[in-house]
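Take a look at the structure below.
Each value in this text was obtained by applying a stated rule to the coordinates, not by laboratory testing. All values reported here derive from a predicted model rather than from experimental measurement. Note: ideal-geometry Cβ built from the backbone for every residue, glycine included; neighbour counts use all protein chains shown.
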Number of protein chains: 2
Amino acid sequence: MTTRSLPQHISKQFDQELEDLRAKVMTMGGLVEDLLGKSLDALDRSDSELAETVTSSDYKVNLMEVNIDEECTQVLARRQPAAGDLRLVLAVIKTISDLERIGDEIEKIGKMVVRLCEQNSPKSYYVSVIAMGQHVQKMLHDALDVFARMDSQKAVDVAAQDHKIDEEYSAILRQLITYMMEDPRSISNVLDVVWAVRALERIGDHANNICENVIYLVEGKDVRHTSIEDMRKEVFPD
Amino acid sequence: MTTRSLPQHISKQFDQELEDLRAKVMTMGGLVEDLLGKSLDALDRSDSELAETVTSSDYKVNLMEVNIDEECTQVLARRQPAAGDLRLVLAVIKTISDLERIGDEIEKIGKMVVRLCEQNSPKSYYVSVIAMGQHVQKMLHDALDVFARMDSQKAVDVAAQDHKIDEEYSAILRQLITYMMEDPRSISNVLDVVWAVRALERIGDHANNICENVIYLVEGKDVRHTSIEDMRKEVFPD
């Protein structure tokens, strides 16, 4: 089995509750994607105002997490789900925690952009950050798509993107260190860029976790802390 | 209610399962505390071998998380707990996720110590890191104590320590930036120390989360994303 439809229950109400949970995760994911896009636009256009919109929106992500989490607890208490239904609720609890942490990282990027605008930092410092940001954006989008379709095979491919993002992170970091060495007065400014790059790298990790949550949900296998190769073996057994 | 004993159930077996979950979290917490202590000792004594022991032990923390998580799923499926029992299981799931992430941060500190030893970095770079590390160590110990006693009042006090750790983090960071500006050739080495300080700050955040999990468990209130003052009002209503 690679993708999974929501099971049908005798209680239509229960079906509705599970569908509702899934829809709310997608809404939360949509908000997080939107904020990430805005934070990268703000960086690209040195738009301090847009960056402030991003930092002042994180509370919405937090609120969604608390509400969906509460709803999951209600479903567990009232419906006492088993098997796939239980895994769905647990995967939702984990996924919203990852989305909330992605929101925190985006907030950090927003704050950094505000400071970069104040300091009028040269664009050369962060032009490669925007490229990396676009890759992270794509990975997050794909991870949410994997969640929406509950597609464990695609989950493996998306999780594999994380490795490239880690490599990009290391390359940019080396470049930023060179900038700092060439102009020690720039150290504080460049460090702000370093935090943003690190935040992007962390978002990649959380997108990876979302893929692992989907594999757990669909295959019933906990693939955290395993290699992409082992993950692939679980999802595509011979 | 400020502390909570495990409820008695008609099924002694169920009592045993909940007690077992709690004990396993404490064992996992003990391992994480031990590794944090070793990583700080390794830094203090420039002991590369000890630092390698730390980095090669993270898999044990990961394994414990996966096992306890699986046990929680089993309890949810078989026992269909409600109210306080359900909150206990959910708090365990969240707490082991925080402990696992603390393990990841400790691994980063271990790797940094290995590199610092190779480069023979001057001790002045990280003497304040050790002091900060001891405060983080205390906060983690207290957070685990709060979990063991399920003491929501103490949880608020321990969570309040996080603010001081954040201040310490900012002060050390400013100091490290000065070192980099004074000697640009040191930038790479000092950045390693920066990562370690940041890892310690993150451990403080996760210890804070553990306290929030205990408040949720004991009081049934989700206090994430609220201020210490609001947290206090939930736990000490007039």
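Chymotrypsin sites (Phe, Trp or Tyr not before Pro), restricted to segment A:139-238: which are DSSP loop and have at most 13 other Cβ atoms within 10 Å? Hits after loop and neighbour filter: nothing returned. Local charge for A:TYR179 was computed over the other residues whose Cβ lies under 15 Å away, with Lys and Arg +1 and Asp and Glu -1, and equals +1. Here segment B:12-141 is assigned +1 on the Cβ of each Lys and Arg and -1 on the Cβ of each Asp and Glu. Its dipole about the Cα centre then comes out at about 300 debye.
Helix-only estimate, please: 222 nm mean residue ellipticity of chain B, summing -39500 (n - 2.57) across DSSP H runs of length 4 or more and dividing by its residues, to the nearest 500. Using -39500 (n - 2.57) per qualifying helix, the result is -29000 deg cm²/dmol. Sparse packing (at most 11 other Cβ atoms within 10 Å of the Cβ) combined with a DSSP loop state is found for none of the GluC sites (Glu not before Pro) in segment B:97-157. Once you treat every alpha carbon in chain A as an equal point and sum by Debye, what is log10 I(q)/I(0) at q = 0.13, 0.15, 0.16 Å⁻¹? Once normalised to I(0) and log-transformed, intensities are -0.79, -0.97, -1.06.
Using a cutoff of 8 angstrom between alpha carbon atoms and counting only pairs six or more residues apart, the relative contact order for segment A:13-235 works out to 26 percent. Helices of chain B meeting both criteria, an alpha-carbon length of 30 angstrom or more along the long axis and an average Kyte-Doolittle score not below -1.0, with helices taken as full DSSP H segments, are B:12-45, B:58-79, B:83-119, B:127-149, B:152-182, B:187-219.
For the pair segment B:13-33 and segment A:114-153, the centres of their Cα atoms are 39 angstrom apart.
Look at where the Cα atoms of segment A:58-109 and of segment A:214-228 average out, and the two centres are 18 Å apart.
Overall, chain A carries a charge dipole of about 140 debye about its Cα centre when +1 sits on the Cβ of Lys and Arg and -1 on the Cβ of Asp and Glu, all other atoms neutral.
Listed cross-link partners B:LYS38/B:LYS108; A:LYS138/A:LYS221; A:LYS24/B:LYS94; A:LYS108/B:LYS233; B:LYS38/B:LYS111 are compared with a 22 Å cut-off, the Cα-Cα value being larger for A:LYS138/A:LYS221; A:LYS108/B:LYS233. Since only B:VAL114, B:VAL156, B:TYR126 are under comparison, the one whose Cα sits farthest along the positive direction of the charge dipole of segment B:105-184, derived from C-beta charges on Lys, Arg, Asp and Glu, is B:VAL114. Take each residue of peptide A:80-86, count the partner chain Cβ atoms within 10 Å of its Cβ, and average: the result is 3. With the gyration tensor restricted to C-alpha atoms of segment B:6-55, the semi-axes of the equivalent ellipsoid amount to 38, 8, 4 Å, longest first. Think of chain A as having a plus end and a minus end, set by charges on the Cβ of Lys, Arg, Asp and Glu; of A:ALA207, A:LEU173, A:VAL194, A:ALA207 sits farthest toward the positive end of this dipole.
Globularity index of segment B:26-124 is 1.36 (Cα radius of gyration / 2.2 N^0.38 Å, N = number of residues).
Place a +1 charge on the Cβ of each Lys and Arg in segment B:33-97 and a -1 charge on the Cβ of each Asp and Glu, then give the dipole magnitude about the Cα centre in debye, rounded to the nearest 20. So the magnitude is around 500 debye. Based on C-alpha pairs under 8 angstrom that are at least 6 apart in sequence, segment B:1-110 has a relative contact order of 36 percent.
Out of every Cα-Cα pair that segment A:174-238 contains, those further apart than 20 angstrom amount to 50 percent. With coordinates expressed along the principal axes, the C-alpha atoms belonging to the protein assembly as shown extend over 68, 54, 42 Å, beginning with the largest.
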